[in-house]
Amino acid sequence: MRASKTIRVGLTQMSRADRAIADKLISVVAQRTGARPTLTPVTTEPAFAALDEGRLDLVVGPFSEDSPWATDVAFGPPLKKAGSEDHPIEVKAAMRNGENRWIMLVEAASRQVSPAVATQ
């Protein structure tokens with residue numbers, strides 16, 4: 001990402017309102033890094049594989065609060081919450097585990113985009 005000045009972002013299918021908040025997050029991350037985002041539509045399973053293999057830097061979309069991927073990727077704070085009590089859904093960013101500086105940057109940007117939700 002640093003060398004190419006590009007952030008490779010996978011976007012899962014989402015509503016127009018969810019996409020608006022995802023775009024806001026991506027804009028803040030791009031501004032903080034000085035990198036240009038390239039957006040790719042993705043589905044969850046292949047997106048997380050691409051994230052793990054380093055082919056994507058970020059995946060943004062709605063994920064269940066108790067996603068089974070939580071041990072394989074680092075999820076940022078929720079940008080938006082929806083769903084029922086039994087099946088809560090959160091729009092959030094997923095990043096590759098172990099890239100702590102990147103994770104901290106995306107977490108801070110997530111809180112900036114949606115401070116009321118991110119601090120609940």
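The values are calculated or read from the model by the stated rules, or taken from the named source; none is laboratory data. In this text the structure is predicted, and so the values were computed from the model without any measurement. Cβ: placed from backbone, ideal geometry, glycine included. Neighbour counts: every protein chain shown.
Residue-wise test of (1) of a type in the set (Ser, Thr, Tyr); (2) outside any helix (DSSP H, G or I); (3) under 19 Å from residue 108 (Cα atoms).
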position: 9; (1), (2), (3): no, yes, yes
position: 14; (1), (2), (3): no, yes, no
position: 21; (1), (2), (3): no, no, yes
position: 25; (1), (2), (3): no, no, yes
position: 32; (1), (2), (3): no, no, yes
position: 45; (1), (2), (3): no, no, no
position: 49; (1), (2), (3): no, no, no
position: 55; (1), (2), (3): no, yes, no
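Out of 88, 78, one residue alone is over 17 Å from residue 10 (Cβ atoms), in contact (Cβ under 8 Å) with a residue 40 or more places away in the chain and not hydrophobic (A, V, I, L, M, F, W, C). It is 78. Residue 20 satisfies every condition listed in (1) in contact (Cβ under 8 Å) with a residue 12 or more places away in the chain; (2) among the hydrophobic types (A, V, I, L, M, F, W, C); (3) under 19 Å from residue 112 (Cα atoms) except (1). Which residues, taken from region 89-108, are within 15 Å of residue 59 (Cβ to Cβ) and part of a loop (DSSP other than H, G, I, E, B)? Passing the criteria: 97, 99. Being among the charged types (D, E, K, R), buried (at least 16 other Cβ atoms within 10 Å of the Cβ) and not in a strand (DSSP E or B) is a condition met by no residue of region 69-88.
Within the option set 72, 18, 57, 52, being of a type in the set (D, E, K, R), within 16 Å of residue 99 (Cα to Cα) and touching a strand residue (DSSP E or B) at 6+ places or on another chain (Cβ under 6 Å) holds for one residue only, 57.
Among the residues making up region 1-41, a single one is modelled with pLDDT of 95 or more, within 14 Å of residue 55 (Cα to Cα) and small (Gly, Ala, Ser): 10.
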